[in-house]
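Values in this text are rule-based calculations from the coordinates and carry no lab data. Just so we're clear, the structure is a prediction, and the values are computed from it rather than from any experiment. Here the Cβ is made from the backbone with ideal geometry for all residues, glycine too, and neighbour counts use every protein chain on show.
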Amino acid sequence: AIREMGANAYLKVALGLEALRTYILDPSRMDTAFARYARTWAFKHPEPWDFFRLISGALVQELGWFWRGWFLDTQPVDLAVDTAAVERVKVDKPLRSLLLEEDRLAVERYLTWLASDTVKRSFYVDRHPSLVDSFVKANREKYAAALAERKAALAEAQKTARQYLNQDEVYEVRVRFRNVGGLVWPLWVRLTFEGGAAGLYYFPAEAWAKDNRLFLRVFYTREPVVRVEVDPWGLSLDVNPQNNAYTLQRGN
């Protein structure tokens, strides 16, 4: 909107690049690509398309969906948990193999994200503590809580990676996620179990490749699930957190 030119020119760009750096890619890859962009276009006059092409080329990754969605479109990030259902199933040989592979992939995802999340960053407010305000403190506390939960989830995934070898029955949780806003985005999903513990899962933006509006996923757990949440820490720039959770009733 014309009245929001400042926000579109500065705030939206900053938020988008930070999301690309931290949640879609990882800091080390993005910083290397950005340094290449700075060297290539030093003392020149690049257009936005030059930035898009060079970053995608430096990363050797197709990011057209992000450039179009964030910079050239007006659709927001609005992810929702549409429906969820759980039932108990027996573990046969094919399912056991699938579960072991799922555990291996989960551990790999956590390792990838923790490697990017634990990169040491130095900000201007770190060197000048007098500039730290309540907004900075609140956001750092929220991010620290998210990182702590990711580390705990990694430890749990590593500890139980072969649990299904001796498991006769598991709970099958079928969840349908909906992309209400239209802009595809990575998914952090938290499953809360009946006993109070929680499981954490990550899916990249490519999860929406087959259908950019619906994403169906089946989870297998040791305990019945009572709640499913997407973006549990509120860090995904989601415009409507009210539809981010689904509570299962007994018998769902």
If R0 is 35 Å, what FRET efficiency do you get for residue 75 and residue 194 from their C-beta distance, rounded to 0.05? 0.45
So, R0 is 41 Å and r is the distance between the beta-carbons of residue 35 and residue 240; what FRET efficiency does that work out to, to 0.05? 0.70
If you take the beta carbon distance between residue 61 and residue 149 as r and set R0 to 30 Å, what does 1/(1 + (r/R0)^6) give as a FRET efficiency, to the nearest 0.05? 0.65
If amide hydrogens are placed 1.01 Å from N in the peptide plane, which non-local residues have theirs closer than 5 Å to the one on residue 198? 193
Could you give the length gained by full extension between residue 47 and residue 223, i.e. 0.36 nm per residue of separation minus their alpha carbon distance, to one decimal place? 58.1 nm
About the Cα centre, and with charges only on the beta carbon of Lys, Arg (+1) and Asp, Glu (-1), how big is the dipole of the stretch 2-71? Nearest 20 debye, please. 120 debye
Span from the the stretch 201-243 Cα centroid across to the the stretch 33-60 one, whole angstrom: 32 Å
Per the Kirkwood formula on distinct C-alpha pairs, the Rh of the stretch 2-71 is how many angstrom? 12.8 Å
